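Bear in mind that the values in this text are calculations on the coordinates, not laboratory data. Please read all numbers here as calculations on a predicted model, not as lab measurements. Using ideal geometry, Cβ is built from the backbone for each residue, glycine included, and neighbour counts are taken over all protein chains shown.
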Amino acid sequence: MTTDVDTDRRNILLTGTTLAIASVLAGGVPSVANAETSSLNPQPLPPSPEWARALPPGPDARVRITEAYAAHVARDSFFWAWPLVNMYNRRLAFSKMTEQRYAGPLLEAPLNRLTMLTDYVNPEERNVACPNQDVVYGLGIAALDVSPVVVQVPDFGDRFWVYQIVDLRTDSFVQLGKMYRTMPGFYLLVGPRWNGEVPKGITRVFRASSNTGLVAPRIFQDDTPQDKQAIQGVLTGISMYPLAEYDGRMKINEWSKLPRIPGGPPGEEETRWVIPEKFFDELPAVLADAPPLAGEEARYSQVLAVLAAAKDNAKIKQAMIEAAKDADEKLVTPLFQFRNYGQQLSYNWSTISNESAFGADYFTRTAVAKSNILVNSPNETKYFYQDLDASGARLNNASRYTVTFAKDGTPPVNGFWSLSIYNEHHFFIANAINRFSVGTKNKDLKPNADGSLTIYVQTDAPADPVQRANWLPAPKGDFSLYVRAYWPKAEVVDGSWTPPPVQRA
């Protein structure tokens, strides 16, 4: 049955703003309290009294500007547009791919298609920081200016699953997963300006605010040979393809039969997706891909005017590049450390509550994109970050640590939970038992006599067999711990539950 295209988040926000403006014009005063009732509005502020008036034109392109001003605009735009350029360059990388295949530890797929793994992510993966080893991942880039795409959902039965689908801003625009009671079927992703006819049989349509999107299915898997075999059948029903190929029938993909080619040697850090020297050459296309959200028009016109001035002025262009390099070093790079941003919790843990719905929170969007890009919405997954032990000292393999969850004190979830460990670059490092996280997926963890659960975080294997069963091997040097609560219960979302301290033994 043909369905109406779902109103996207931007339009919902615009509707709320329009109503507030109507109130102003009618003599009323929009209240902050009313704005706060909308969970879709990350900035609960009323519009300014003059907002209803037509905005004046942008900067006058005939006016000469100074290098110092260009550098100022460049520094600011480098920070807030960093995640957009990051995502756009991932799209450019996928645009060069010609077939679905595996390249070493990486997934490859042409635009508007995805490729699924058949097991946990390889620990040598370096394209996306902070991967997990709780789910089987898929990955694809949607180029919605080329074509709308059909996303196929098979019957997952009782297995936990969620499809993460975000736009160029890393904001989610889709709700597909077990927590949404999503039914098997076909779901359509469209760009901001698409007005085509929805074919019969499409269950729901989701509209992005940009032409570029990223699709990453996550399917839970127990860490047992039996479940690794059992999951294979359902994985074949996951698919994404251009609308022209839609015929109302489920397509099957034998992922295990895809071509495999050697990958390059694994690096230490995440693939560098944002280069200051290239940033302003790429930015015009990036901003054209993602039209401004309500209130961003002046921000866009300002940076575009400076880019125009730099086009034929080498000194202005160089001033902008130097400003970008400075912003990269002093503003963006420090946000790789979890302890430098987020809501500060007990025992030096931190978290955020607007993941994948950043709106105008440019600081948090860039911080997350730098440290652990591609997080799920908070009702899908809640994340807790840790760089320090309970005393405030940096986690390092020179010490041994314990994390003890009280009886019935593991993260309250409807899905699953895990405690992962990452090296100083936020990646996995091979260890003797091939374990990088512990949690629901593990069937051999040993509780203490009182019902509590202690995880032993250290480089060397514990001598005690019970402790060894609960061992999370630590990489050399500094490292970070990371709690995930998939499909969290209310206590996790509202902050009633937070992780226990990381105690140095």
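Within the range 433-464, which trypsin sites (Lys or Arg not before Pro) sit in a loop by DSSP and count at most 14 neighbouring Cβ atoms inside 10 Å?
Of the trypsin sites (Lys or Arg not before Pro), the ones in loops of the range 433-464 whose Cβ has at most 14 other Cβ atoms within 10 Å are K443.
I'd like the Karplus ³J(HN,Hα) series for the range 108-114: coefficients 6.51, -1.76, 1.60, θ = phi - 60°, whole numbers in Hz, and an x wherever there's a Gly or Pro.
Along the range 108-114, the couplings run 10, 7, x, 3, 6, 9, 10 Hz.
Per-residue HN-Hα couplings for the range 405-421, Karplus 6.51 cos²θ - 1.76 cosθ + 1.60 at θ = phi - 60°, whole Hz, x for Gly and Pro?
Running phi through 6.51 cos²θ - 1.76 cosθ + 1.60 with θ = phi - 60° gives 8, 4, 3, 6, x, 5, x, x, 9, 8, x, 8, 9, 7, 10, 9, 10 Hz.
Starting from the Cα of K251, step 7 Å along the direction of its Cβ; do the same at R504; then give the gap between the two resulting points in nm.
Placing both labels 7 Å beyond Cα along the Cβ direction yields 5.5 nm.
Rounded to the nearest 10 degrees, what's the angle between the helix 9-25 long axis and the longest principal axis of the chain, both from Cα atoms, 0 to 90?
50
Lys and Arg at +1, Asp and Glu at -1: add these up for the other residues within a Cβ distance under 11 Å of T212 and post the number.
0
Let me know the charge dipole size of the chain about its Cα centre in debye, to the nearest 20, where only the beta-carbon of Lys, Arg (+1) and Asp, Glu (-1) is charged.
300
By how many degrees, between 0 and 90 and to the nearest 10, does the Cα long axis of helix 362-372 differ from the longest principal axis of the chain?
30
Can you tell me the dipole magnitude for the range 337-504 around its Cα centre, using point charges on the Cβ only (Lys, Arg +1; Asp, Glu -1), in Debye to the nearest 20?
280
Among the chymotrypsin sites (Phe, Trp or Tyr not before Pro) within the range 362-410, which fall in a DSSP loop and have no more than 13 other Cβ atoms within 10 Å of their own Cβ?
none
Given H placed on each backbone N at 1.01 Å, which residues far from A142 in sequence or on other chains put an amide H within less than 5 Å of it?
Amide H neighbours of A142: N112, G213, L214, V215.
Can you compute 3J(HN,Hα) from phi for each residue in the range 196-207, using the Karplus curve 6.51 cos²θ - 1.76 cosθ + 1.60 with θ = phi - 60°, rounded to whole Hz and x for Gly and Pro?
Once rounded to whole Hz, the list reads x, 8, 7, x, 4, x, 6, 6, 7, 10, 10, 9.
How many nm is it between the label spots at A298 and D361, if each spot is 7 Å from the Cα in line with the beta carbon?
Modelled inter-label distance: 2.3 nm.
In a shell of Cβ-Cβ distance under 11 Å around N354, excluding N354 itself, what net charge do Lys and Arg (+1) and Asp and Glu (-1) give?
Its environment carries a net charge of -2.
Which value in nm describes the separation of the simple spin-label points at V466 and A288, placed 7 Å from the Cα toward the beta carbon?
6.6
What is the sum of charges around A309, taking Lys and Arg as +1, Asp and Glu as -1, for the other residues whose C-beta is under 13 Å from the C-beta of A309?
Within the 13 Å Cβ shell, the charges total +2.
Can you tell which of F78, L388, G495 lies farthest toward the positive end of the dipole of the chain, using +1 and -1 charges on the Cβ of basic and acidic side chains (Lys, Arg; Asp, Glu)?
Projecting each Cα onto the dipole axis, the largest value belongs to F78.
Amide H of V502: which non-local residues (sequence gap of 5 or more, or other chain) have their own amide H closer than 5 Å, using H built in the peptide plane?
Placed amide hydrogens put A390 under 5 Å from V502.
What angle, in degrees between 0 and 90 and rounded to the nearest 10, separates the Cα long axis of helix 276-289 from the longest principal axis of the Cα atoms of the chain?
70
Counting only DSSP beta bridges with both residues in the chain, what percent are antiparallel, rounded to the nearest 5?
85
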